[in-house]
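Everything on this sheet refers to the single structure shown next.
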Amino acid sequence: MEKTNNTTKLRQHTYVQQLNLTILDNKLYIKRDDLFPYSFGGNKARKAFLFFEDIRRKRADYVVTYGSHSSNHCRVIANLSVRNNLPCLIISPNISTNASFNSTLVNLFNASIKKCELDTVSETIEKELTTLKLKGYNPYFIEGGGHGNIGTQAYVNVFEEIINYEKEKKIKFDYIFHATGTGTTQAGLICGNIINESSTDVVGISIARKEKYGKEVVLNSVNSYLESIGRLSVKKNEINFIDEYVLDGYGSFNDEIINTVKSFLIREGIPLDLIYTGKAFWGMEEYIKEKKITNKNILFIHTGGTPIFFDNLRQVLNG
Ligand SMILES: *Cc1c(COP(=O)(O)O)cnc(C)c1O
């Protein structure tokens, strides 16, 4: 009799595949979280599902979140809200962004958008939540990017899916690379690594933040989660946050990133975008070459952003 019958079998939400591409004799694999089956997938959909479970538990009747209405996060939250018949309010920074596929979708999902200046974000959130409560609602606030222990949990779960894959295929990943932004994805993977006593090196390639702040946020998220499950906290040196490839910050890219996106689509049939996954994949390649990493099993997590791929397509074609 199979042993797994006694334990709850974890569902693999997305699959892992080996790439044709190799770098310095390393075997490269990709976990297709971009194909997570809801609203164009990605890590924001992963996190959002857990937030909506909490929303149901708490019987909340109004969803409030923060983020650019062009973000993957707001697209997914708006979609899940409308699907669950919950009104959704997005508090957005008042910076000019062009219309994008995500912002168009957010409008289609009927979310209301409240713009505010960057220095009044927290008071605007407080004010909106208070107003909703006075009107008799039970609002639920989701931090920008799906930050917080619930978001972290989503990538602890992903780590367990990865471990299951390793067991099934009898391989061990030496490295996991991924694009890191608000840090929750990396925090979840690091916690998963600790909880499962795995020795994988989780390398977050920052797409915007510099190490000083970015690493601090990841560290706080890791320790907040570990504390919530009664485990000891970790130190800064256990977090591999790489800021060497952020260029001029969020949204900046170079010709090498364009070429990475182009050749990846042609050779692998997998879309990467210029803001997150293309930048991180390029950063990973540079990091591997720079550190002369060879003969390892390396997993890249495709964190999604399919609508952004289409926003970028013209730039990629012209580049
Ligand atoms: C938000 C996002 C990230 C970064 O995830 P964090 O958990 O915020 O670090 C990476 N890739 C894509 C496609 C994203 O939308």
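The values are calculated or read from the model by the stated rules, or taken from the named source; none is laboratory data. The shown structure was predicted, so the numbers you read here are calculated from the model rather than taken from an experiment. Here Cβ is always computed from backbone atoms with ideal geometry, including for glycine, and neighbour counts include all displayed protein chains. Side chains included, ligands, DNA and RNA excluded: accessible areas come from the protein's heavy atoms. Shrake-Rupley method; radii C 1.70, N 1.55, O 1.52, S 1.80 Å.
Beyond 18 Å between alpha-carbons counts as too far, so tell me which of LYS212/LYS236; LYS27/LYS292; LYS44/LYS169 fall in that bin.
LYS44/LYS169
How large is the dipole of the range 108-251 about the Cα centre if only Lys and Arg carry +1 and Asp and Glu carry -1, each at its Cβ, rounded to the nearest 20 debye?
Here the size comes out at about 280 debye.
So what is the 222 nm mean residue ellipticity for the chain from helices alone, if each DSSP H run of at least 4 adds -39500 (n - 2.57) and you divide by all residues, rounding to the nearest 500 deg cm²/dmol?
Theoretical 222 nm ellipticity from helices: -14500 deg cm²/dmol.
Relative to the compact-globule scaling 2.2 N^0.38 Å, provide the ratio for the alpha-carbon radius of gyration of the range 31-71.
It is 1.31.
Residue by residue through the range 43-56, which ³J(HN,Hα) values in whole Hz follow from phi under the Karplus form 6.51 cos²θ - 1.76 cosθ + 1.60 (θ = phi - 60°), with glycine and proline marked x?
5, 5, 6, 3, 5, 4, 4, 6, 5, 6, 5, 5, 4, 5
For the chain, what does the accessible surface come to per residue with a 1.4 Å probe? Please give it in Å².
Using a 1.4 Å probe on heavy atoms only, each residue of the chain averages 49 Å².
I need the phi-derived Karplus couplings for the range 89-106: 6.51 cos²θ - 1.76 cosθ + 1.60, θ = phi - 60°, integer Hz, Gly and Pro marked x.
Once θ is set to phi - 60°, the couplings for the range 89-106 become 10, 10, 8, 10, x, 7, 10, 6, 10, 5, 4, 9, 4, 4, 5, 5, 5, 4 Hz.
Which one of SER198, THR185, TYR137 has its Cα pushed farthest toward the positive end of the charge dipole of the chain, where Lys and Arg give +1 and Asp and Glu give -1 at the Cβ?
Of the candidates, TYR137 comes out farthest on the positive side.
Calculate the length of the line joining the C-alpha centroid of the range 13-34 to that of the range 265-319, in whole Å.
So the separation of the two Cα centres works out to 11 Å.
Nearest-5 percent of antiparallel DSSP beta bridges in the chain?
Of those bridges, close to 15 percent are antiparallel.
Under 5 Å between amide hydrogens, which residues at least 5 positions from CYS116 or on another chain qualify, with H placed 1.01 Å from N in the peptide plane?
Those lying under 5 Å, H to H, from CYS116 are SER92, ASN94.
How much of the pair distance distribution for the range 1-130 lies past 18 Å, counting alpha-carbon pairs only, in percent?
64
Using Stokes-Einstein with the Kirkwood hydrodynamic radius over Cα pairs, what translational diffusion coefficient do you get for the range 64-215 at 10 °C and a viscosity of 1.306 mPa s, in µm²/s rounded to a whole number?
After rounding, the answer is 92 µm²/s.
Solvent-accessible area of ARG83, probe 1.4 Å, all protein chains present, reported in Å² to the nearest ten, please.
Surface accessible to solvent at ARG83 totals approximately 140 Å².
Suppose every K and R has +1 on its Cβ and every D and E has -1 on its Cβ; what is the size of the dipole of the chain about the Cα centre, in Debye to the nearest 20?
780
Over 20 Å, how big is the tail of the calculated P(r) for the range 182-314, in percent of all Cα pairs?
Here the tail beyond 20 Å accounts for 49 percent of pairs.
Taking 0.36 nm per intervening residue step and subtracting the Cα-Cα distance, what contour gain separates ARG231 from GLU244 on full extension?
Result for the pair: 1.5 nm of gain on full extension.
About the Cα centre of the range 220-319, how large is the charge dipole given +1 on each Lys and Arg Cβ and -1 on each Asp and Glu Cβ? Please answer in debye to the nearest 20.
340
Taking Cα atoms, how many degrees apart are the long axis of helix 184-195 and the longest axis of the chain, rounded to 10 and kept between 0 and 90?
So the helix axis and the longest Cα principal axis differ by about 60 degrees.
Which whole-number percent gives the relative contact order of the chain, counting Cα pairs below 8 Å spaced six or more residues apart?
Contact order relative to length: 22 percent.
Return the equivalent ellipsoid semi-axes of the chain as a descending list in whole Å, where each equals the square root of 5 times an eigenvalue of the C-alpha gyration tensor.
31, 24, 19
Taking amide H atoms as placed 1.01 Å from N in the peptide plane, list the residues 5 or more away in sequence, or in a different chain, whose amide H sits under 5 Å from that of ASN240.
Distant-sequence amide H within range of ASN240: GLY204.
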